[in-house]
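Enquirer: What follows is a single structure, and I will ask about it in a moment.
Each reported figure results from applying straightforward, stated rules to the coordinates on display, with no laboratory input. What you are looking at is a predicted structure, and each value in this text was computed from that prediction instead of being measured. Reconstructed Cβ throughout: ideal geometry from the backbone, glycine too, with neighbour counts over all protein chains shown.
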Amino acid sequence: MLVVEGRAVRHGRIEPAAIGIEEGKIVAIRKQLRGDPVYRYADALILPGGVDVHVHLREPGLTHKDDFLSGTESAAIGGVTTVVDMPNTKPPVTDGAALREKIRLLSGSANIDFGLYGGPATAAGVPEMKRATAFKVYLAESGNAVPVGTDADLAGILRAVGESGSFLAAHCEDPERFAAGVAKSLSDHHRSRPPEAEVAAIERVARLRGNARVHIAHVTTAEGARSRPAGATCETTPHHLLLSTTSNLGTRGKVNPPLRPDATRDALWREVLEGGIDMFASDHAPHTLEEKSARFEDAPAGVPGVATTFPVLFRYVRRQILPLERFVSMFSENPAKLLRANKGEIAVGRDADLLVVDPRRIEKVTARRCRYKCEWTPFEGAEATFPTATFVRGELVAQEGELVTERIGRMITPTEA
């Protein structure tokens, strides 16, 4: 039996614990356990590994920006042990053949566990993609994604997803609410794709959802979070919480939906602290520096982030702004529940996905530290606390910023989730 010792975060408490692991699962949690090997972390905290339900790892077709091997290495270094990859690759994953080819292509490439979204264009695409972990629709154009057109199409997809037992994640922006003209700055981009577009699109999903489980991607406003249908979940990103239209990033801060003014960002933070948002997700969407060096109106939208969700947000736990229990629920527990995956909690029977962190260690974010293939991060120079170790199903995958075990990731399928 493998044993990991330290101060475990369980049920909102921190307690000394020895965590016994066999065949990838937690089999015992006691004050002391005998085992071989034993990883002793003294006063460091042991948390459940992060579950990031929104990443774009760019494979297939866009691997000059990122790929599964590189992206999952960055994730492991940031304490993320499960990711779910979006379907807007080249070609996009819109049918069963494309999903099967993506699964074949990625076999043996992941350093952590992963899921795959299907991106059905019509209801007929849903049953074709039975092996998809979940489904994704775009209500507006964004990064190689084809938006769903009519209400009839969206209602049909929602109905088919409801029958599948899975859930539908939605990129919620209403293009009819977009402003005319060319955006040439972060402030322009905010005004061109305003908060009203987010709220209107969420209300559209609420009106058509039927019995489907619905998840709202990357809300940027408190109003958006409050507009989601009863029982639906929502996520927000570190960049929407920590960056704004006043950030000195230029095209590197261009994302869809846009960064918002500071007052909107502050209200989004309050919504997080008051429990109105269910989870963090990175919306990791890397582009190369060359691509981001184009004119603002021509530059692609998206920022890398899978390695920095934990490091940049954990500082708010250290400062006692964000309660530790709330952080763990948003980083691990709630996204695991959304996936219905056996993860997200340090408990007997759960997958032994763990991260170890010394809260006293503070360092600066760098692209090199994150191991990003795109070689940049919008959080360059920010204060952070990176995990010192990451375990996936009991295997030590990353330690002190280095990958130590490769390609052990498994796909989360609907039968396992």
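Enquirer: Under a cut-off of 13 Å between alpha-carbon atoms, report the aspartates and glutamates in cross-link reach of K184, not counting same-chain residues fewer than 8 places apart.
Expert: Within the straight-line limit of under 13 Å, K184 reaches these aspartates and glutamates: E297, D298.
Enquirer: Order of 271-277, 187-193 by packing, highest average Cβ count within 10 Å first?
Expert: Ranked from most to least packed, the peptides come out as 187-193, 271-277.
Enquirer: Just to confirm my numbers, what's the Cα centroid distance between segment 196-231 and segment 274-337 in Å?
Expert: Taking the Cα centre of each part, segment 196-231 and segment 274-337 sit 20 Å apart.
Enquirer: Could you name the lysines in cross-link range of K343, using Cα to Cα under 27 Å and dropping any fewer than eight places away on the same chain?
Expert: The reachable lysines, counting only those whose Cα sits under 27 Å from K343, are K25, K31, K102, K130, K136.
Enquirer: Report the charge-dipole magnitude of the chain in Debye, nearest 20, computed about the Cα centre from +1 at each Lys and Arg Cβ and -1 at each Asp and Glu Cβ.
Expert: Its charge dipole is roughly 560 debye.
Enquirer: Positive end of the charge dipole of segment 223-276 (Lys, Arg +1 and Asp, Glu -1 on Cβ, about the Cα centre): tell me which of W269, N256, A225 has its Cα farthest that way.
Expert: Value computed over the given set: N256.
Enquirer: As I understand it, the value is the acute angle between the Cα axis of helix 96-106 and the longest principal axis of the Cα atoms of the chain; what does it come to in degrees, rounded to 10?
Expert: Orientation of helix 96-106: about 40 degrees from the principal axis.
Enquirer: Further, regarding this structure: Against the longest principal axis of the chain, how steep is helix 195-208, in degrees 0 to 90 to the nearest 10, with axes from Cα atoms?
Expert: 80
Enquirer: Report, in degrees rounded to the nearest 10, the 0 to 90 angle that the Cα long axis of helix 262-273 makes with the longest principal axis of the chain.
Expert: 50
Enquirer: Pick out which of L259, L186, L249 has the largest mean-square fluctuation in a Gaussian network model of the chain, springs linking Cα atoms closer than 10 Å.
Expert: The residue that fluctuates most here is L249.
Enquirer: Determine the dipole magnitude for segment 169-313: charges of +1 sit on the beta-carbon of Lys and Arg, -1 on that of Asp and Glu, nothing else is charged, the reference point is the Cα centre, and the result goes in debye to the nearest 20.
Expert: My answer is approximately 100 debye.
Enquirer: For percent of Cα pairs over 40 Å apart, several values are listed as [x] 11; [y] 38; [z] 21; flag the one computed from this structure.
Expert: Answer label, from the structure shown: [x].
Enquirer: Calculate for the chain the 222 nm mean residue ellipticity that helices alone would give, adding -39,500 (n - 2.57) per DSSP H run of length 4 or more and normalising by residue count, nearest 500 deg cm²/dmol.
Expert: Computed mean residue ellipticity for the chain: -7000 deg cm²/dmol.
Enquirer: Taking K and R as +1 and D and E as -1, what net charge do the other residues with C-beta under 15 Å from the C-beta of F135 add up to?
Expert: +3
Enquirer: At a 10 angstrom cut-off on C-beta neighbours, averaged per residue, how do the peptides 203-212, 23-32 rank from highest to lowest?
Expert: Order by mean packing, descending: 203-212, 23-32.
Enquirer: Which net charge results for the neighbourhood of R100, defined as the other residues with beta-carbon distances under 12 angstrom from its beta-carbon, given Lys and Arg at +1 and Asp and Glu at -1?
Expert: Once all neighbours under 12 Å are counted, the net charge is +1.
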